[in-house]
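The values are calculated or read from the model by the stated rules, or taken from the named source; none is laboratory data. Not measured: the values here are computed from a predicted model. Every residue, glycine among them, receives a Cβ derived from its backbone with ideal geometry; neighbour counts consider all protein chains shown. With ligands, DNA and RNA removed, areas are computed over all heavy atoms of the protein, side chains included. Shrake-Rupley method; radii C 1.70, N 1.55, O 1.52, S 1.80 Å.
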Amino acid sequence: MDKKKQLIDQLKVVINNLEKDYSNEITSGVFQLIYIRYKNALDVMENNEDIREVNIIGGVRAYMDSYNDYLNPLLGELHKAEKLNRELFHA
């Protein structure tokens, strides 16, 4: 599977987790920032726009700056997406 497809799938995983588990929190704060970035990134990727417009790097850090919850599964999903994003840009 190519990196672009993997990233699209991972973006969807994060968005679904946010909508399912954090529906009340995505209206403001850090969760809103992450949610908007991931929704915009998915739109860019699915519409074959310039991938340099994808701006998800920093979501892990933003989460960790706001919450001291290293064991949250969402954190792992954010990390996977950021890693795939870096690999895509350096491929």
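If you take the residues in the stretch 10-48 that are open to solvent by 90 Å² or more (accessible area, probe 1.4 Å) and not in a helix (DSSP H, G or I), which one is farthest from residue 66 (Cα to Cα)? In this case the residue turns out to be 48. The set of residues in the stretch 1-58 that are β-branched (Val, Ile, Thr) and touching a residue at least 60 places away in the same chain (Cβ under 8 Å) comprises 13, 14. Figure legend. Inter-residue proximity from the stretch 68-79: first residues modelled with pLDDT of 95 or more, second residues not in a helix (DSSP H, G or I), beta-carbon distance below 6 Å, spacing 6+ or different chains. No pairs are indicated.
Of everything in the stretch 49-59 that is touching a Lys or Arg at 6+ places or on another chain (Cβ under 9 Å) and not β-branched (Val, Ile, Thr), the residue that is surrounded by the most Cβ atoms within 10 Å (Cβ to Cβ) is 59.
In this entry, residue 69 is excluded by the filter for residues that are open to solvent by 30 Å² or more (accessible area, probe 1.4 Å) and part of a helix (DSSP H, G or I).
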